[in-house]
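The values are calculated or read from the model by the stated rules, or taken from the named source; none is laboratory data. Fair warning: this is a prediction, and the values are worked out from it, not measured in the lab. When we count neighbours, we look across all protein chains shown, and the Cβ atoms used for this are built from the backbone with ideal geometry, even at glycine. Calculation scope for accessible area: heavy atoms of the full protein, side chains included, ligands and nucleic acids excluded. Shrake-Rupley method; radii C 1.70, N 1.55, O 1.52, S 1.80 Å.
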Amino acid sequence: MTDRTVMHIDMNAFFASVEQQANPELRGKPIAVVGGHGRTVITTSSYEARAKGVKTGMAIWEGKRACPDLIFVVGHNKKYTHTSAKINGIFRDYTPEVEAFSIDESWLDITHSLSIFSSAENIAHLIKARIRRQFGITCSIGIAPNKLLAKLASDMQKPDGLTIIVPENVSRILERMPIKALCGIGKKMERHLNMMSIYTCGELGRCDEARLTRKFGIIGKRLKDMGQGIDNSPVIPFADEGGVKSVGHSSTLERDIDDPAEIQRFLLQLSEMVGSRARRYNVSGKTIHLYVRYADFFSSWGKQTTLKNYINLSDDIYRTALGILNTVELEQPVRLLGISLSNLKHQAEQLPLFEDERKKLFATQAMDTINDRFGKMSVTFGSLIPGKEKQGHM
Amino acid sequence: MKVSCLQENLVKGLNYVSRAVAARTATLPVLTHVLLATDGGRLKIAATNLELGINCWIGAKVEDEGAITVPARTFSELVSLLPADRVDLELNIRTQALRIQCGRTDNNIKGIDAQEFPIIPAFEPAGAAFIDAAVLKKMIGKVVFAAATDESRPMLTGVLTKLEEDNIIMAAADGFRLSLCNGKLKEPVSEPRAILIPAKAVAEVARILGDQEEPVAISVTPSRGQVLFHMQNVDVVAQLIDQRFPDYQGIIPKRHDTRTIVSTADLLKACRQASIFARESSDTMRLKITPTDDVEPGKVTISARADETGDNESQLEANATGIGVEIAFNVKYLIDVLSVIDAPQVALETTAAKSPGLLRPVGDDSFLHVVMPMHLPR
């Protein structure tokens, strides 16, 4: 692989920052985002709260004990995914090769952008400034020759950091770095390696490959590479607008559902997510795939149908997906649902002749415009508005 | 069966029925065959895929009456390669094989018993409507292209045909455009009829009408399930679409804010140029209409652009009344309709950029076309 420049960007205290941005009263104060719906664990907290010892994963009472004036906010996933999508849009201004790792982390391959923006550092500063100005969020950026090291670099300085690892320094930095700092080495793996008296990346890199392979099988080689800071995995753009092959979305339900009305509501919500994305890409598709995973987490099924015409309106997607669902007897409560639209073609922006279709299209476009401006699901189908959900502070 | 006919007549007959032969994947093998049968001193050639059936008759010298079906593809391929000479067809009843002799070639093709071939209804003159062949051909040409080709809404794959007194109206729409044409019958029909004929069958009639002069008879079978076009030596029978065609009157705009009259040929030429550039941008063509005022004549500016290809702009002089407007259309749709308008001038009536446009040939009330615009490119 040729020399690459990869950037890893990590939004600092993302959920908390988004909440602070949405509600100015929360800015500069210790806040903790919690799951809501009876959940009592802190998902994330602002840097003000972290300074007082509040940690992710703490129960609410633990957070209160660490920081008595901690403010609790119920999290809103839609708000985060919307902001995340917009931020990834900013990244795409600098390179088409953007891989979203999670809602608040992305990799950018900027190898071919350097000639336009003079240096990686410059790109990092531009991105930082734009995200701060537009969303009031700070981020930590790591720049390195590959994804593994870029992620390691961004973790080295938080919040609002910028760390560059140049190839000459790789071995020096890794020599004393604890192995758990590497993305991909979790607690369990760390314990196993510690038992082999491997504690630092330097030790891991020098370890005999055969020894690692005997213990861990085929990933042994990968582990040794990681210890040496070698990572050839490419940055895979999720979907560049030119070559979308399918548009899909799946989501794990908050709890297992067997009520058909509730499943249908969820299906409509997924249809709207898939539909709005397809419309944004200006594509419509002929094939709808429905995926269902049951409560036991292991059994699942997927089924698809191909239509005679191309669709991208949420309602049409929903009706088709529901049609598939109705052909199947559900064996268990449902845990995960997914819908994807494929067999795509570029949608000509042709208005329909018949008035009822035109009304449906104009209504959808109005909905998309509002949702683009004010966040996903600002306007949605009536049946998707839950009666009991409450927002605000606890 | 023993008959003789000319190779060129056989070729012509097989060509007439070819589009009604079922695809080779058909469940009934006999549908991939053509029927050859002696019929009143002529040879009848027939094919059907159960939706569309075509009978045609060619001159022949009949020695022994009889009938057989033979694989359409094999038989047509062979006949087309025979010399332009007399062809002798003779059926061996025991083996159900058809012997085909012509010049110094001798062939045998295995057939299927003619009894297995579905019956294609015969023409009954009672209650039929008669129309001039040239008029029907022209009318079909003006509407059939607007019918839908995808099967998602079957009613849009048909051509609505209304017969009332001595009027015939044909309409077709594909969800983005509507073509409407009317004409005169030779004589009034006894009762009004509205039928939805598959566009494929109507197109087939127009193809066969290419070299016909005699008036065409249109009749609906007593079961009302099929329509029959009776032409000189050819009958086309089609299964009607048993669905309601949308109310087309409601689609035709009742008013307009701008009426633009331009030369049909000039507009067509400008559209063809624009289409070269529009190919890469969903065929979007932009029209900017500047109305005629006291000083300047009106004009239409036609443009198209694609990021990769480049851009194009043409200006046409126009007699435009009303307000100025900018509107985008699918350039292919405009080319389709302008190609069938034979009046020297065409009028385009528009209201807003997201409202339907209406095209009419100037001085000819027999035709109109409604086309929906596209979103104006940003």
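In Å, what Kirkwood hydrodynamic radius results for the stretch A:74-224 from the alpha-carbon pair distances?
Details: mean 1/r = 0.0582 Å⁻¹.
For the stretch A:74-224, the Kirkwood estimate is 17.2 Å.
List the relative contact order of the stretch A:170-227 as a percent without decimals, with contacts defined as Cα pairs under 8 Å and 6+ residues apart. Let's see the in-between values first.
On the way: 60 pairs, mean separation 19.7, N = 58.
So the answer I get is 34 percent.
Heavy atoms only, probe 1.4 Å: what % of the accessible area of the stretch A:170-227 goes to carbon and sulfur, would you let me know? Walk me through the numbers on the way to the answer.
Numbers: 1930 of 3510 Å².
Its accessible area is 55 percent carbon and sulfur atoms.
Run through the stretch B:1-90 and list the trypsin sites (Lys or Arg not before Pro) located in a DSSP loop whose Cβ has at most 14 other Cβ atoms within 10 Å. Could you put the intermediate results ahead of the total?
On the way: sites: B:Lys2, B:Lys12, B:Arg19, B:Arg24, B:Arg42, B:Lys44, B:Lys61, B:Arg73, B:Arg86; in loops: B:Arg24.
When the trypsin sites (Lys or Arg not before Pro) of the stretch B:1-90 are filtered for loop state and at most 14 Cβ neighbours within 10 Å, B:Arg24 remain.
Looking only at other chains, what is the average number of their beta-carbon atoms within 10 angstrom of each beta-carbon in B:172-183?
Details: counts 0, 2, 1, 6, 7, 2, 2, 0, 0, 0, 0, 0.
That works out to 2 on average.
Counting Lys and Arg as +1 and Asp and Glu as -1, what is the net charge of the other residues whose Cβ lies under 9 Å from the Cβ of B:Thr69?
On the way: positive: none; negative: B:Asp113, B:Glu116.
After counting each charged neighbour, the total is -2.
Using square roots of five times the C-alpha gyration tensor eigenvalues, list the equivalent-ellipsoid semi-axes of the protein assembly as shown in whole Å, biggest first. Kindly include the intermediate steps, with their values, before the conclusion.
Details: eigenvalues 906, 246, 138 Å².
With the √(5λ) rule applied to the protein assembly as shown, the semi-axes are 67, 35, 26 Å.
B:Gly111's amide H: which non-local residues (gap 5+, or another chain) put their own amide H closer than 5 Å, with H modeled 1.01 Å from N in plane and none for Pro or chain starts?
Long-range HN contacts for B:Gly111: B:Ala97, B:Leu98.
Which Cα, out of B:Gln345, B:Ala206, A:Gly229, lies furthest along the positive dipole direction of the protein assembly as shown (beta carbon charges, K/R +1, D/E -1)?
Highest projection toward the positive end goes to A:Gly229.
What accessible area per residue comes out for the stretch A:246-384, rounded to a whole number of Å², with a 1.4 Å probe? Numbers along the way, then the final one.
Numbers: 6720 Å² over 139 residues.
Using a 1.4 Å probe on heavy atoms only, each residue of the stretch A:246-384 averages 48 Å².
With all protein chains present, how much of the accessible area of chain B (probe radius 1.4 Å) comes from carbon and sulfur, to the nearest whole percent? Each step should come with its number before you reach the end.
Numbers: 8670 of 18070 Å².
C and S fraction of accessible area: 48 percent.
Along the stretch A:120-129, what does the Karplus equation 6.51 cos²θ - 1.76 cosθ + 1.60 (θ = phi - 60°) give for ³J(HN,Hα), rounded to whole Hz, x for Gly and Pro?
Once rounded to whole Hz, the list reads 4, 4, 4, 4, 4, 5, 4, 5, 4, 5.
If you plug each phi of the stretch A:186-194 into the Karplus form 6.51 cos²θ - 1.76 cosθ + 1.60 with θ = phi - 60°, what whole-Hz ³J(HN,Hα) values come out, in order, with x for Gly and Pro?
x, 4, 5, 5, 4, 4, 4, 5, 4
Using the Karplus equation 6.51 cos²θ - 1.76 cosθ + 1.60 (θ = phi - 60°), what ³J(HN,Hα) coupling, rounded to whole Hz, does each residue of the stretch A:322-329 give in order, writing x for Gly and Pro?
The phi angles translate into 5, x, 5, 4, 6, 8, 10, 8 Hz.
Kindly provide the GluC sites (Glu not before Pro) of the stretch B:150-203 that DSSP labels as loop, not H, G, I, E or B, and whose Cβ sees at most 14 other Cβ atoms within 10 Å. Before the final figure, lay out the partial values.
Numbers: sites: B:Glu151, B:Glu164, B:Glu165; in loops: B:Glu151, B:Glu165.
Those satisfying the criteria are B:Glu151, B:Glu165.
Could you work out the mean count of beta carbons from other protein chains within 10 Å of each residue's beta carbon in A:354-362? Walk me through the numbers before you get to the answer.
Numbers: counts 11, 4, 1, 3, 4, 0, 0, 1, 1.
Rounded to a whole number, the mean comes out at 3.
Per residue, how large is the accessible surface of the stretch B:275-360? Use a 1.4 angstrom probe and give square angstrom. Spell out each step's value before the answer.
Values: 4110 Å² over 86 residues.
Value returned for the stretch B:275-360: 48 Å² of accessible area per residue.
Accessible area drop of at least 30 Å² (1.4 Å probe, protein heavy atoms): which residues of the stretch B:266-310 qualify, relative to the chain alone?
B:Ser282
What percentage of the solvent-accessible surface of the stretch A:246-384, computed with a 1.4 Å probe over protein heavy atoms, is contributed by carbon and sulfur atoms?
That fraction is 49 percent.
Report the relative contact order of the stretch A:246-384, percent, no decimals, based on alpha-carbon pairs under 8 angstrom and at least 6 residues apart.
Details: 218 pairs, mean separation 47.7, N = 139.
Rounded, it is 34 percent for the stretch A:246-384.
For chain A, what percent of Cα pairs sit more than 26 Å apart? Write down the numbers at each step before the final one.
Details: 48896 of 77421 pairs.
Tail of P(r) above 26 Å: 63 percent of Cα pairs.
In whole Å, what are the extents of the stretch B:236-296 along the principal axes defined by its C-alpha atoms, from largest to smallest?
Cα spread of the stretch B:236-296 along its principal axes, largest to smallest: 56, 33, 25 Å.
Label-point separation (nm) for A:Ser246 and B:Glu77, each offset 7 Å from Cα along Cα-to-Cβ?
4.0
Summing Lys, Arg as +1 and Asp, Glu as -1, what charge do residues with Cβ under 14 Å from the Cβ of A:Cys139 carry, A:Cys139 excluded? Could the numbers behind the result be given before it?
Details: positive: A:Lys86, A:Lys128, A:Arg130, A:Arg132, A:Arg133, A:Lys151, A:Lys158; negative: A:Asp10, A:Asp104, A:Glu105, A:Asp155, A:Asp160.
Spelling it out: positives minus negatives among the neighbours equals +2.
Determine the total buried accessible area between chain A and chain B, counting protein heavy atoms only with a 1.4 Å probe; round to the nearest 100 Å².
Working: alone 20850 and 18820 Å², together 38070 Å².
Buried area (both sides, nearest 100 Å²): 1600 Å².
Before anything else, pin down the relative contact order of the stretch B:327-378: Cα pairs under 8 Å, at least 6 apart, normalised by residue count, whole percent.
Working: 80 pairs, mean separation 20.5, N = 52.
That works out to 39 percent.
Which of the trypsin sites (Lys or Arg not before Pro) found in the stretch B:103-206 are in a DSSP loop and have at most 11 neighbouring Cβ atoms, other than their own, within 10 Å? Present the calculation step by step, with values, prior to reporting the outcome.
Working: sites: B:Arg104, B:Lys110, B:Lys137, B:Lys138, B:Lys142, B:Lys162, B:Arg177, B:Lys184, B:Lys186, B:Arg193, B:Lys200; in loops: B:Arg104, B:Lys186.
Passing both the DSSP loop test and the Cβ count: B:Arg104.
Which is the longest run of chain A containing none of the GluC sites (Glu not before Pro) found in DSSP loop states (not H, G, I, E, B) with at most 10 other C-beta atoms within 10 Å?
A:1-328
If every alpha-carbon in the stretch A:246-384 counts as one equal scatterer, what log10 I(q)/I(0) does Debye give at q = 0.08, 0.14, 0.17 1/Å?
Once normalised to I(0) and log-transformed, intensities are -0.21, -0.64, -0.92.
Net charge within 13 Å of B:Lys186 by Cβ-Cβ distance, Lys/Arg positive one each and Asp/Glu negative one each, not counting B:Lys186 itself?
Numbers: positive: B:Lys184; negative: B:Asp132, B:Glu165, B:Asp166, B:Glu187, B:Glu214.
Charge balance in the 13 Å sphere: -4.
Quick query: amide H of A:Val283 versus all other amide H atoms, modeled in the peptide plane; which residues come in under 5 Å with a sequence gap of 5 or more or a different chain?
Correct list: A:Gln347.
In the stretch B:354-372, which residues give up 50 Å² or more of accessible area once the other protein chains are added, compared with their chain alone (1.4 Å probe)?
Buried by the other chains: B:Lys354, B:Met372.
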